[in-house]
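Asks: Provided herewith is a single structure, encoded as structure tokens, for subsequent inquiry.
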Amino acid sequence: MGADSRKYIVLLGVPGAGKGTQAQLLQDKLGLTQISTGDIFRYNLKNQTQLGLLARSYMDKGELVPDEVTIQMVEDRLQQEDCKNGAILDGFPRNLIQAEAFDKMTSPFGGVSLVPLVFIEDEEAIERITGRRSCRTCGAVYHVKFNPPKQAGVCDNDGDSLYQRDDDKAETVRNRLYVYYKQTAPLVGYYFAKDLLVELNGSRPISQVHDELLSLLV
């Protein structure tokens, strides 16, 4: 890959579609860094960076962090050494303002390479997310249907009881879907018009989705 050419992949899809899983698999296979906006926020907040403190000032007032703060966090992250060949974006851009800013960031390096849309039905997304159960002690994540622990409600690793995160409760998930359709769904049209969008059936086994993604990228 040339010095001025980098590969930027933007993963789209409703919460629970499996974007994070596919991003991790692609990172391992292609050597591109997975960038999750959640991880970036946690890093900046934990380390009390200037941007983290700025973001915290809005969050403490119960306000949304402005796009320009999120955009700056992503731009800073992309300048780090592990992103010299590009990156896989999961959770960014979330709206058209962020998408246009990302185009400006990446245009010197060839712009966005591909935008896979991992599609699943809303009811499947709700089932996937509301079935998650987490261990407070070791952080392991199970699913009551797809990846149950050996003993119901108990972590295989340490025997601690499992719980359902607030983010994984049905009411919260439906609200997350609402926010996705309101803010992020317009990106489907935006990237379709740029001839970058590829739709993948996310209901299939993880390995099949991964193989199709790889065939598009390699």
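Asks: Where the second residue is at pLDDT below 90 and the first is more than 27 Å from residue 186 (Cβ to Cβ) and lies in the stretch 12-36, which pairs have Cβ atoms under 7 Å and are six or more apart or on separate chains?
Replies: 30/217
Asks: When the residues of the stretch 96-147 are filtered to those that are under 29 Å from residue 215 (Cβ atoms), out of contact with any helix residue (DSSP H, G or I) (no Cβ under 9 Å at 6 or more places or on another chain) and aromatic (Phe, Trp, Tyr), which remaining residue is surrounded by the most Cβ atoms within 10 Å (Cβ to Cβ)?
Replies: Going through the qualifying residues, I end up with 109.
Asks: Taking the conditions exactly as written (out of contact with any Gly (no Cβ under 8 Å at 6 or more places or on another chain) and modelled with pLDDT of 95 or more), does residue 87 satisfy them or not?
Replies: Answer is yes for this residue.
Asks: I've got another one for you. Would you check which residues across the stretch 105-135 are under 19 Å from the mean Cα position of the chain (by Cα) and among the aromatic types (Phe, Trp, Tyr) and list them?
Replies: If the condition is that a residue be under 19 Å from the mean Cα position of the chain (by Cα) and among the aromatic types (Phe, Trp, Tyr), then 119 is the only one that fits.
Asks: Is it the case, given these coordinates, that residue 61 is loosely packed, with under 15 Cβ neighbours inside 10 Å and either touching a Ser or Thr at 6+ places or on another chain (Cβ under 7 Å) or outside any helix (DSSP H, G or I) (or both)?
Replies: Against the criterion (loosely packed, with under 15 Cβ neighbours inside 10 Å and either touching a Ser or Thr at 6+ places or on another chain (Cβ under 7 Å) or outside any helix (DSSP H, G or I) (or both)), residue 61 qualifies.
Asks: Quick one: would you say residue 51 is touching a strand residue (DSSP E or B) at 6+ places or on another chain (Cβ under 6 Å), surrounded by 17 or more Cβ atoms within 10 Å (Cβ to Cβ), part of a helix (DSSP H, G or I) and at pLDDT 90 or above?
Replies: No: the conditions fail for residue 51.
Asks: Out of curiosity, is residue 155 touching an Asp or Glu at 6+ places or on another chain (Cβ under 6 Å), over 29 Å from residue 198 (Cα atoms) and not basic (Lys, Arg)?
Replies: Answer is no for this residue.
Asks: Going by what's in this entry, would residue 42 be described as surrounded by fewer than 17 Cβ atoms within 10 Å (Cβ to Cβ) and either under 19 Å from the mean Cα position of the chain (by Cα) or part of a loop (DSSP other than H, G, I, E, B) (or both)?
Replies: Against the criterion (surrounded by fewer than 17 Cβ atoms within 10 Å (Cβ to Cβ) and either under 19 Å from the mean Cα position of the chain (by Cα) or part of a loop (DSSP other than H, G, I, E, B) (or both)), residue 42 qualifies.
The values are calculated or read from the model by the stated rules, or taken from the named source; none is laboratory data. None of the values given here were measured: they were computed from a predicted structure. Note that each Cβ is placed from the backbone with ideal geometry, even for glycine, and that neighbours are counted across all protein chains shown.
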